[in-house]
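What follows draws every value from the coordinates through simple rules; no lab data is involved. Quick caveat: nothing in here was measured; it's all calculated off a predicted structure. Methodologically, a virtual Cβ is constructed for each residue, glycine included, from the backbone with ideal geometry; neighbour enumeration extends over all protein chains shown.
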Amino acid sequence: MPHQPDTLIVLADAEHARLVRHGPAAGFVTVETLDSEAAGLRAAELVSDRQGRSFESASPTRHSIAARHDPREGPREAFARAVAARIGTEKFARLLLVAPARTLALLEAALDAGARGKLGGTLDKDLLKTPDAALAAHLHPLYVHLPGSE
């Protein structure tokens, strides 16, 4: 695999992210990890009150009213914006995003124009727990399509 010193690789999921760069020798090095404040919280811990109640029209039975949205979506979007803001403070020639599809879409939408213009590729995969030494095999499809990677 060719050496790409100016490439920033972001591995992420809904609650955690790693910024990875090429190491001084061959391979990759994690330079920073980011964690969401809501990481590990259940949906019930993210809302402040109980579900509403409704009466059955044909009987005196009452039912709870389900929320119209997932309470975890707000923190996920906020975390994607925070990761994108952190990406915006880095200097790089190319950006590679690696995350599950939903997180990938949130990250791409949150990128500023400068970072979006340097986006060299995306990979719909969860590699967050993959050790640095094992990343090369997983990231090969991204490097094959980069200009100047021959």
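Figures for the structure shown
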| quantity | calculated |
| --- | --- |
| Amide H partners (placed H, <5 Å) of GLY23, local residues excluded | PHE28, VAL29 |
| Likely footprinting exposure, PHE92, PHE28, fewest C-beta neighbours within 10 Å first | PHE92, PHE28 |
| Gain upon complete extension [ARG81, ASP6; 0.36 nm per residue less C-alpha separation] | 24.7 nm |
| Residues GLU108, GLU37, sorted so that the one with the fewest Cβ neighbours within 10 Å comes first | GLU37, GLU108 |
| Efficiency of FRET from Cβ geometry, VAL29 and ALA109, R₀ 30 Å, rounded to 0.05 | 0.60 |
| Sorted by Cβ neighbour density within 10 Å, fewest at the top, the residues THR7, THR30 | THR30, THR7 |
| Whole-Hz couplings from phi, Karplus 6.51/-1.76/1.60, listed for the range 104-112; x for Gly and Pro | 4, 5, 5, 5, 4, 5, 8, 5, 6 |
